[in-house]
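The values are calculated or read from the model by the stated rules, or taken from the named source; none is laboratory data. Keep in mind the model is a prediction, meaning the values are calculated, not measured. Virtual Cβ from ideal backbone geometry, glycine too; neighbours counted across all protein chains shown. To get the accessible areas, we keep the full protein, side chains included, count just its heavy atoms, and leave off ligands, DNA and RNA. Shrake-Rupley method; radii C 1.70, N 1.55, O 1.52, S 1.80 Å.
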Amino acid sequence: MTNHATPTRLESGVPEGPIETAWERHLTTLNMVAPANRRKYSVIVVGTGLAGGAAAATLGELGYNVLNFCIQDTPRRAHSVAAQGGINAAKNYQNDGDSVWRLFYDTVKGGDYCSREANVYRLAQCSLDIIDQCVAQGVPFAREYGGTLANRSFGGAQVSRTFYARGQTGQQLLLGAYSSLMRQVDAGTVKLFPRREMLDLVLVDGHAKGILCRNLITGELESYAADAVVLATGGYTNVFFLSTNAVNSNATAVWRCHKRGAFFANPCFTQIHPTCIPQGGEEQSKLSLMSESLRNDGRVWVPKKAGDPRPAQQIPEEERDYYLERRYPAFGNLVPRDVASRAAKAVCDQGRGVGPTGFAVYLDFADAIQRLGEPIIRDRYGNLFAMYEEITGDNPYQVPMRIYPAPHYVMGGLWVDYNLQSSIPGLLVAGEANFSDHGSNRLGASALMHGLADGYFIVSYSIGHYLGTHRPEKVSTDHPAFQAARDEVRARVDKLLAIRGTKTVKQYHKELGHLMWDKVGMSRSAEGLGEVIGEIRALREDFWKNAKVTGNSADFNKDLEMAGRVADYLELGELMARDALQREESCGGHFREEYRTEEGEAKRDDEHFRFVAAWQWQGEGQEQVLNKEPLEYKNIPLKQRSYK
Ligand SMILES: Cc1cc2nc3c(=O)[nH]c(=O)nc-3n(C[C@H](O)[C@H](O)[C@H](O)COP(=O)(O)OP(=O)(O)OC[C@H]3O[C@@H](n4cnc5c(N)ncnc54)[C@H](O)[C@@H]3O)c2cc1C
């Protein structure tokens, strides 16, 4: 018997009135906690990446008691450290026509008109403060000769607004956030809990009141209570097995919150990045990104003739197809990622791909080196070139790089309102873990902006509002809700360890990755999606019968860690396919083969699908209910995206 909730229309809480002043006006309506009262409240922040690290430091600075958790041995190793190319901000230092409005417009258009206008406008506004904050922390952004901050271009924009620190922008920003965080640790407002994996959220009277963690070193199950929880646990791209994300990135925290009642928004909106080093073989467990910043100077091409066996240098200019420059003259090599990825797939499907597998295109710096000289190129991209050479053995100063699209980022995540409040009161979600700002395609250099806007400038107001409104009663880990959650988590861990099958967890993950890439990847069809739902279910059933999970729970156990994550991916993967199936249109990174323009671009159906799909868990073995948040475009007229 089913016990389905009735689908509801979700309210974003965006203030009425002009978008330019929406955030400022909204702040005046929020409740607050007085400085002297903040120390009476504790807040759990899960995640120490740019979103979590910034949120924990800011809440600590305000005087709350913050408990900050991460999987790694130190906050500095959160996945944000890997970000290479840069962070967007509408400073208009180049005097090339940028503005808050233009960044807002580019981001909405880049997301193929699938994001919430007011969130994106606020993001563009916050971008200005982010750069000031980071510079004040000492983040060593690249500078011009005269000392002003330098900018470069990223996809989907005709201005240069990307601030960068060589190819290590994420690392430098994370060190900035980490310095602020450690200042609070020293001041006693933030307590760090590294090497912990959150396995469940604890609710009391429907409000988030704490978390359960596995201590990854001792195996002990630990309980933590607080007055509110902020989740900043990153994205779920590793559902594809091979991706550019850190191997430890996972969906467990968001998925377990989903099962406790947090709606999951637009799970099928995933980003396949066009410039990654192609897969080298079946034994590989990770893919490496070549930053989009390289497309500032690198030119993308393939031979005009299918199956051309000649090395790149022997193919004369007139026999090369610079297909992005040809198809999109206005944006050229800097079209957004979804567009560039699809174009790369199309030329490879025509048999014009290069390299041993035929699944690669060239990214060529010969022209730029001739024009600017090698030292300038080395200065701009030295560490990325070195990384490429180390991985492939080819010297990109001499031969073009070979690149191919790969899973990279997720625009989907837990549903949040304008306050970053999820559908569970007291559970806020920040950074890549929420769905809020990028629609169906994220523009390059906008994820760092999103994480830091949430962490430094939004979460703190929302926490104050939540606590000031509800004035929550203290709950301790002795509460029966904690005991019940502990029993459930323990039972699941025991169940995993009791399978004692023969097939490794990695094999299941790989098989799931193949299914996701083939049928929920760069292009999707009703037929493939219909099939893959059954295939994922069959794989999941097999997992719970045949997976080989070694060791025990009272110890360091990497196998157990991975098993829990793969079990979650096997559920999330199905939801992604169902979401992709219900969305009978193409938009951004969600490309349904049935819905394309005559020129092969994504064709939206604004009449029927201009909504955020927010899925609601209904219990094991039951299908989630689809709730909808209608998207209203009052400031930017909806139109077919064009980068020509
Ligand atoms: C190779 C690469 C390059 C990129 N380059 C750029 C770029 O140049 N510009 C840009 O804007 N974006 C870039 N991105 C995207 C960007 O890096 C990410 O979207 C962003 O850093 C995510 O930050 P976050 O704080 O939301 O999550 P993360 O940095 O992923 O942090 C997640 C945190 O949550 C913790 N965590 C996760 N699960 C649990 C759990 N169950 N229990 C406890 N803790 C948990 C982790 O330990 C970690 O501390 C890049 C991404 C990749 C993969």
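Here are some notes:
- Estimated FRET transfer efficiency (E24, T148; beta-carbon r; R0 25 Å; 0.05): 0.35
- Restraint check, K109/K644; K519/K545; K304/K639, Cα-Cα greater than 21 Å: K519/K545; K304/K639
- If the segment from A538 to A136 were pulled out straight at 0.36 nm per residue, it would be longer than the present Cα-Cα gap by 139.4 nm.
- Exposure rank, largest accessible area first [H470, H408; 1.4 Å]: H470, H408
- Net lengthening on full extension, N552/E318 (0.36 nm per residue, minus Cα-Cα): 78.0 nm
- Qualifying lysines (Cα of each under 26 Å from Cα of K191; at least 8 residues distant if same chain): K40, K209, K474, K558
- Rounded FRET efficiency, nearest 0.05, which uses the C-beta distance separating R492 from A526 and R0 of 35 Å: 0.55
- Mean separation of Cα pairs under 8 Å and 6 or more residues apart, divided by the residue count, gives the chain a relative contact order of 21 percent.
- Positive minus negative residues near L242 (Lys, Arg vs Asp, Glu; Cβ under 13 Å): -1
- From most to least packed by mean Cβ count within 10 Å, the peptides 436-445, 349-358, 173-182 give 436-445, 173-182, 349-358.
- Residue-normalised accessible area of region 522-562, given per residue in Å² at a 1.4 Å probe: 46
- For region 316-390, carbon and sulfur atoms together expose 52% of the accessible surface, with a 1.4 angstrom probe and every protein chain in place.
- Cβ-defined net charge surrounding Q172, 14 Å radius [Lys, Arg +1; Asp, Glu -1]: +3
- The radius of gyration of the Cα set in region 1-136, together with its Dmax, comes out at 18.7, 63 angstrom.
- Accessible surface of region 406-529, 1.4 Å probe, proportion on carbon and sulfur as whole %: 52
- Plainly put, region 467-532 has a radius of gyration that is 1.27 times its Kirkwood radius, both from alpha-carbon atoms, as the Rg/Rh ratio.
- Placing one equal scatterer on every Cα of the chain and applying the Debye formula, the log10 ratio I(q)/I(0) at q = 0.12 Å⁻¹ is -1.31.
- Sequence ranges 312-318, 638-644, 235-241, 576-582, ranked by mean other-Cβ count within 10 angstrom, highest first: 235-241, 576-582, 638-644, 312-318
- Residue-averaged 222 nm ellipticity for the chain, from DSSP H runs of 4+ at -39500 (n - 2.57), nearest 500: -11500 deg cm²/dmol
- For region 113-204: accessible area per residue (Å², 1.4 Å): 35
- For the residues R565, R327, a 1.4 Å probe over the protein chains yields an accessible-area ranking, largest first, of R327, R565.
- The smallest convex shape that holds all Cα atoms of region 171-295, its convex hull, gives 158 Å³ per residue.
- Within the accessible area of region 5-138 (1.4 Å probe), percent carbon and sulfur: 51
- For the peptides 201-208, 139-146, 162-169, residues were scored by their other Cβ atoms within 10 Å and the scores averaged per peptide; the highest-first order is 162-169, 201-208, 139-146.
- Local electrostatic count at Y41 - Lys and Arg +1, Asp and Glu -1, tallied over other residues with Cβ under 10 Å: +4
- Grouping the Cα pair distances of region 242-293 into 5 Å bins from zero gives a pair-distance distribution of 4, 15, 19, 19, 17, 13, 9, 4, 0 percent in increasing distance order.
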